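> If you scroll down you'll find the structure; I have some questions about it.
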Amino acid sequence: PAIDAITQALMEQFNKLAQDSSKSDSIQPLIYNTYQAYLRRTPEHLKESLRRAKAGNYSLGVKLVRGAYHPHETHAHASKAASAKSLSISPDPHPPVWSTKAETDNCYNSCAELLIDRIKDDMTSQSRGKTPTLVSRGLAEKEKRNGESDEIVRIGTNVTERVTLGQLYGMSDALTNYLVDKTRSSAPFVIKYVPYGALVEVMPYLSRRAIENKSVLGDG
C-alpha cells in the first residue's frame, strides 16, 4: 500500500493530461504501477485507481501481472496470524492472496477485461483520459485460447498506443512468437523486455525471475 500511494502521487504529478483534448491523444504515462492479480484486493484497487485517474485528469499507467510470491505470502500470513495481535497485521483470517491458481487466473482475466472495456469506452467517446496498459503473458494466453483460428488480427495504431503484450526476454518465447505471427500492427504490440546492466548485476534478477516463473517450464 505504501508503494501504491507513492506511485499514485507520482502519477498525479507526472502523468497529468493536457487540458486541451486535442493534444491528449499523444500523451503516454511516464509512471506505471504494477497490479498483481494474485492479491485479493486487486480488482477493487484497480477500479479505485481508474476512478482516481479520471477524477484527477491524469493517465493511469498499468502493468498487469499475476504475481510470483504466493508461497511467501501464505507462509507470512500464517506466521503473523500465530503471533501477538498488532495494529499492523490484518485481522482477516484469509491470506492476502487467492487460494488457487484458478482464482488468480479469473482475477487476472477480469482485470484485463475491465481495462480493455475502459479503453474501448474512451476510444468510442473520444475521451481525454487514456489508460495505456502493459499486459503480461496472462492476457496473451487468454487471447491464444480464444483465437485458435488462422485468422490474422490487425491492430490499429490507436490500440497499440494503449495496449502492449510483453514477456521477459528468454521466457515464453513460443507464446511471443505465436502472438507476433497472429497480429499485424504499425507500432510494436508484442514486446520482450530486457534487463540492462552488467552481467553481475542482472544475473541475480534473471535467476530470481526464472525461479518465480518456473510454471512456464511445466504445469506449475
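> Return only the number of the condition from (1) modelled with pLDDT of 85 or more; (2) exposed (fewer than 12 other Cβ atoms within 10 Å of the Cβ) that Glu148 does not satisfy.
It is condition (1) that Glu148 fails.
> Let me ask something additional. If you scan segment 65-92, which residues turn out to be of a type in the set (A, V, I, L, M) and either at pLDDT 95 or above or assigned to a loop (DSSP other than H, G, I, E, B) (or both)? Spell out the reasoning first.
Quick first cut of segment 65-92, residues of a type in the set (A, V, I, L, M) only: 65, 68, 76, 78, 81-82, 84, 87, 89.
If the condition is that a residue be of a type in the set (A, V, I, L, M) and either at pLDDT 95 or above or assigned to a loop (DSSP other than H, G, I, E, B) (or both), then Ala68, Ala84, Leu87, Ile89 are the ones that fit.
> Take Ala55 and decide whether it is under 19 Å from Arg118 (Cβ atoms) and either at pLDDT 90 or above or surrounded by fewer than 17 Cβ atoms within 10 Å (Cβ to Cβ) (or both). Break it down stepwise before answering.
On the way: under 19 Å from Arg118 (Cβ atoms): yes; either at pLDDT 90 or above or surrounded by fewer than 17 Cβ atoms within 10 Å (Cβ to Cβ) (or both): yes.
Answer is yes for this residue.
For (1) of a type in the set (A, V, I, L, M); (2) exposed (fewer than 11 other Cβ atoms within 10 Å of the Cβ); (3) under 21 Å from Leu64 (Cα atoms), each residue gets a yes or a no:
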site: Leu168; (1), (2), (3): yes, no, yes
site: Thr176; (1), (2), (3): no, no, yes
site: Asp181; (1), (2), (3): no, no, no
site: Ser186; (1), (2), (3): no, yes, no
site: Ile191; (1), (2), (3): yes, no, yes
site: Leu199; (1), (2), (3): yes, yes, no
site: Val202; (1), (2), (3): yes, no, no
site: Ser207; (1), (2), (3): no, yes, no
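> Considering Pro95, Pro43, Pro29, which residue is surrounded by 15 or more Cβ atoms within 10 Å (Cβ to Cβ), at pLDDT 95 or above, over 22 Å from Arg209 (Cα atoms) and not acidic (Asp, Glu)?
Details: Pro95 fails: at pLDDT 95 or above; Pro29 fails: at pLDDT 95 or above.
After ruling out the rest, the residue left standing is Pro43.
> Could you tell me which residue of segment 201-214 is modelled with the highest pLDDT, considering only residues that are closer than 15 Å to Asp173 by Cβ and assigned to a helix (DSSP H, G or I)?
Quick first cut of segment 201-214, residues closer than 15 Å to Asp173 by Cβ only: 206, 209-210, 213.
In the following step, the residues that additionally are assigned to a helix (DSSP H, G or I) were identified as 206, 209-210.
Numbers: Leu206: 86, Arg209: 82, Ala210: 80.
Ranking the candidates gives Leu206 first.
The values are calculated or read from the model by the stated rules, or taken from the named source; none is laboratory data. Computed from a prediction, not measured in an experiment: that's the story for all the values here. When we count neighbours, we look across all protein chains shown, and the Cβ atoms used for this are built from the backbone with ideal geometry, even at glycine.
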